[in-house]
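First the structure, in the form of structure tokens, and then the observations on it.
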Amino acid sequence: MYRSHTCGELRPSHIGETVKLAGWVQRSKDLGGLTFVNLRDRYGITQLNFNSEDNAKLTAEANKLGREYVIQVEGEVIERSSKNMKIPTGEIEIRVSKLTVLNASKTPPFTIEDDTDGGEELRAQYRYLDLRRNPVQEKLRLRNKVALETRKYLDSIDFVDVETPMLIKSTPEGARDFVVPSRMNAGQFYALPQSPQTFKQLLMVSGFDRYYQIVKCFRDEDLRADRQPEFTQIDCEMTFVEQDDILNTFEGMIKHLFTEVKGVDLGDKFPRMTYAEAMTRYGSDKPDIRFGMEFVDFNEVTKGRGFGIFDDAEAVIAINAEQCAVYTRKQLDKLTDWVRRPQIGCKGLIYMRCNEDGTFKSSVDKFYSQEDLAKWAEAAKAKPGDLILVLSGGLARVQKQMNELRLHMGDELGLRNPKVFKPLWVVDFPLLEWDEESQRYHAMHHPFTSPKPEDMHLIDTDPGKVRANAYDLAMNGVELGGGSIRIHDRAIQSRMFDLLGFTKEEAEAQFGFLMSAFEYGAPPHGGLAFGLDRLVATMGGSESIRDYIAFPKNNSGRDVMIDAPSPLNEEQFKELNIKLTL
RNA sequence: GGUCUGGUAGUUCAGUUGGUUAGAAUAUCGCCCUGUCACGGCGAGGGUCGCGGGUUCGAGUCCCGUCCAGACCGCCA
């Protein structure tokens, strides 16, 4: 037996007991004759006491221990003469009678402390050491808890966990596939799933009725702080349901998770908003509704005063940053520089201060009288002391830019508290999205999404206007998940492939199996998928998902610990009938 | 594919207008200290200033190229 207790469990009630502990040396302190060693494991830290008056030889051995040595000790639990009330085990310590070094350690490249001195790159390279740190372990335990509660909840309402294959077929729609060469089928490739989409629909055709899976998905696209090439979805699908049934079911799941895992009550009913409304009010399909600062249409109050920038613009949009009239010229210039960065791409930023004395000061006073500006304030419901920020240009572009500015102001003003959680269902997404590059429509969600029946009449005349039975769950400005009611009718599915520019032959080759399945009594069905990594990161109050993944990849899709990807040898290429053209 | 920021001791960083021997903190090692817990005191070792080229009497510092990391845009049904 290596240990009788963990390093987090001994209390004054254990005083007098002889115990055996094992763990890592957090740090040791030689006071000259008296030596303290902090022993750490997953559960906590227990102090070991070595006294040269008791045992000089043992104390000398203890003084040789370095950080991260793995040791085992035996000794008596005693009361500390100076207690540390900051840690749960701080009232006791172990008077050690036997010390065994189980494994020595090199000095780690960074300190294994909650507040480590190591930078990200180094910690990624030594991820197994980084994972010894408490804050990182806690994040993975949070993930474990979320996954466990997800299973409990879905299992309790009759969802069945079914595994789907990882080696599947490459399809043209959507993200780039990761591909895997097939040795037994020379010149042919599997693709790793971007999601189990078609399989879960086939399971509905099979009559499973309620399916879920916590499953890895793969997309070969460029990465971000909240995007990894392999990520995990809570993937779900249900039969004989309408949109409301799905929203209600998974609203229940998210509420369950927040209650059980975070002790947070998300309230009675998640608010719902149409895509169109979200775009008009926030310029985003995943608005952060933790704060207001909603868009105000400024077309009416700005046009026709001879200011060309506004007069010629398709859209003039304002936000009201409350209590920000105190912003100095320097701060406003900095904001202007911020929106002019190429990533945002504004030409400029117009502002208006609402002075405390009721007068207005704008950067376009030349064109607008005090009466004009009073109308601005009225439109934006601005009070003295507020600051109005205005952007103009093409509608879609300004919405996007103003969304960025709004979120930036929210950050600056501390309105985006990571401990506050505001869910929002965004519904009625457009079915299709025009792609300039390929000059054709793309499915906004995916090709199996059903159009709204009441919009079907537009499908030939104005397909871009057709709305879909598609929905997303946004929280705090993050898209946590999304889904749709699927097409279960072969004719409509064919029509959809048509719209997406597939020939009959292509559609047959890519998705023939699905369309065939639809001819054998496919039930109405729909579902959704949550990004587990993002969900857990949001619950943990982080924007980066990397800390919530045990072994994440870096910006360029590399695992810097195992150094992957890596070249193959000649033999492997030969076996696969692959020649490099590099 | 693009934009921005960074790369200096094991680590985190500073380094002025281009100018003497490149510093601090922390970690490590040694000595002192019997109640530390961010202990303290004294001392020591530790540098390919990412890499390559250029300008210059002289480059950590300026220029060009390149590699790496991070954030973002494009991309991500």
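Rule-based calculations on the coordinates, nothing more; no lab input. All figures in this text were calculated on a predicted structure; none of them were measured in a lab. When we count neighbours, we look across all protein chains shown, and the Cβ atoms used for this are built from the backbone with ideal geometry, even at glycine.
Odds and ends about this structure:
- Rg and Dmax [Cα atoms of the range A:357-484; Å; Rg one decimal, Dmax integer]: 20.2, 58
- Cα point-scatterer Debye curve for the range A:185-229, base-10 log of I(q)/I(0) at q = 0.24 Å⁻¹: -0.90
- Cα pair distances exceeding 16 angstrom across the range A:98-217, given as percent: 75 percent
- Taking the Cα centre of chain A as reference, the dipole from Cβ charges on Lys and Arg (+1) and Asp and Glu (-1) amounts to some 1700 debye.
- The reciprocal of the average 1/r between distinct C-alpha atoms defines the Kirkwood hydrodynamic radius, which for chain A equals 28.5 Å.
- Each part reduced to its alpha carbon centroid, the range A:158-209 and the range A:418-454 end up 22 Å apart.
- Percent of C-alpha pairs per 10 Å bin, the range A:449-552, short to long: 13, 31, 27, 21, 8
- Angle in degrees between helix A:490-499 and the longest Cα principal axis of chain A, rounded to the nearest 10: 80 degrees
- Cα-based radius of gyration of the range A:217-361 once divided by 2.2 N^0.38 Å, which approximates compact folds: 1.48
- Amide H partners (placed H, <5 Å) of A:SER97, local residues excluded: A:GLU74, A:GLY75, A:GLU76
- Ranked by the mean number of other Cβ atoms within 10 Å of their residues, highest first, the peptides A:10-16, A:252-258, A:314-320 come out as A:314-320, A:252-258, A:10-16.
- Folded to 0 to 90 degrees: helix A:504-517 orientation relative to chain A principal axis, Cα: 60 degrees
- One decimal place: the segment A:GLU53-A:LYS29 gains 7.0 nm when fully extended, by the rule 0.36 nm per residue minus the C-alpha distance.
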